[in-house]
């Protein structure tokens, strides 16, 4: 038996922007990438700020995904983010993603200290 089609509410442009910014803040590059594809309409928005944001976040996602290709899935996650802390404590972030994020953060910290 087929499931009935679920009717989706249209997400407003403002909601799209907030979701994208939240994914960036949390360092969730996969989610950011998926949402940029889903919210591709922002790239053609009548608002210059939305178009510019979409372009900037596309660059952020591409750079973040390149880092994750080198350091492993989840390397860009900001583990101090309150939502990610909740997800982590609930066991909803895969351990290898946490390890990759910790390793990348440690590498950045050592470069920062060496530069001082």
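The values are calculated or read from the model by the stated rules, or taken from the named source; none is laboratory data. These numbers come from a predicted model, not from an experiment. As a convention, Cβ positions derive from the backbone with ideal geometry for all residues, glycine included, and neighbour counts pool all protein chains shown.
Could you check how many residues of the stretch 2-16 are closer than 13 Å to residue 38 by Cβ and modelled with pLDDT under 90?
Looking only at that region, the number is 2.
Quick one: is residue 83 in contact (Cβ under 8 Å) with a residue 12 or more places away in the chain and closer than 17 Å to residue 22 by Cα?
Yes: the conditions hold for residue 83.
Report yes if some residue within the stretch 103-116 is under 14 Å from residue 27 (Cβ atoms), under 13 Å from the mean Cα position of the chain (by Cα) and in contact (Cβ under 8 Å) with a residue 12 or more places away in the chain; otherwise report no.
no
Could you please give the count of residues in the stretch 6-49 that are more than 22 Å from residue 80 (Cα to Cα), assigned to a loop (DSSP other than H, G, I, E, B) and either touching a residue at least 40 places away in the same chain (Cβ under 8 Å) or under 15 Å from the mean Cα position of the chain (by Cα) (or both)?
Residues meeting the conditions: 1.
Report whether or not residue 78 is under 13 Å from the mean Cα position of the chain (by Cα), surrounded by fewer than 17 Cβ atoms within 10 Å (Cβ to Cβ) and part of a loop (DSSP other than H, G, I, E, B).
Criteria met by residue 78.
Being surrounded by 17 or more Cβ atoms within 10 Å (Cβ to Cβ) and more than 14 Å from residue 31 (Cβ to Cβ): is that true of residue 54 here?
Judged against the criteria, residue 54 is a match.
Identify, please: which residue in the stretch 82-100 is in contact with a helix residue (DSSP H, G or I) (Cβ under 9 Å, 6 or more places away or on another chain) and more than 15 Å from residue 31 (Cα to Cα) and is, among those, surrounded by the fewest Cβ atoms within 10 Å (Cβ to Cβ)?
If we take residues in the stretch 82-100 being in contact with a helix residue (DSSP H, G or I) (Cβ under 9 Å, 6 or more places away or on another chain) and more than 15 Å from residue 31 (Cα to Cα), then 98 is surrounded by the fewest Cβ atoms within 10 Å (Cβ to Cβ).
Do the conditions hold for residue 92, that is, is it free of Cβ contacts under 8 Å to residues at least 24 places away in the same chain, farther than 21 Å from residue 14 by Cβ and outside any helix (DSSP H, G or I)?
yes
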